[in-house]
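S.K.: Take a look at the following structure, please.
The values are calculated or read from the model by the stated rules, or taken from the named source; none is laboratory data. From a predicted model like this one, the values you see are computed outputs, not experimental measurements. Areas reflect the complete protein model, heavy atoms only, side chains present, ligands, DNA and RNA absent. Shrake-Rupley method; radii C 1.70, N 1.55, O 1.52, S 1.80 Å.
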Amino acid sequence: MSNIRSTGVIRRPRKLVATAVATAALTAGALVPTVGTAEATVHAPAWKSFTWGTLRSGDCTMFSGARWTVYPDGTAYFRATVTSSGNRDAWLMRVRLKDRNGAVLTALRNARIQDPASPTKFVKNLPDHTQRYVWTAKGTFDPGWYDDIRRMSLVNSC
């Protein structure tokens, strides 16, 4: 019998019956062998990655393969390739971390705040329509949410 459910939650073995039997045996003067217990520890994965197909907003395009990776320490890293069909555009993005039911847990905060009035906004300037740009970003979140994170959503505009 496994002590680990498919949800990754540890199910503790029931010790009450064994304790009652051992107590009754000791009371009767019998020798009771010592039985060791072992418990499994479930470790959270070292990271969780979320990847998107091609996204478009206005003149801007984010190509397939854009990826956010979140870590148990409350950090998140982003990498994508973006472009625009117009000059002097900017891709704006907000990121929401969600639980298994799609409920919003929290929003990622930009580790390199670009707009003090909006710390959850990520911006990539796209000055030249003939170029593709690599966009990297770092975000932060309360690490207490890590185990609950199952989904992620992007809200974006150009």
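S.K.: Excluding ligands, DNA and RNA, what is the solvent-accessible area per residue of segment 76-151 at a probe of 1.4 Å, expressed in Å²?
M.R.: Ligands and nucleic acids excluded, the figure is 56 Å² per residue.
S.K.: Sort largest first and round to whole Å: the equivalent ellipsoid semi-axes of segment 45-144, each the square root of five times a Cα gyration tensor eigenvalue.
M.R.: Each semi-axis is √(5λ); the values are 25, 15, 12 Å.
S.K.: A follow-up question, please. When the chain is fully extended, how far beyond the present Cα-Cα distance does Arg67 get from Val134, taking 0.36 nm per residue of separation?
M.R.: That works out to 22.9 nm of additional length.
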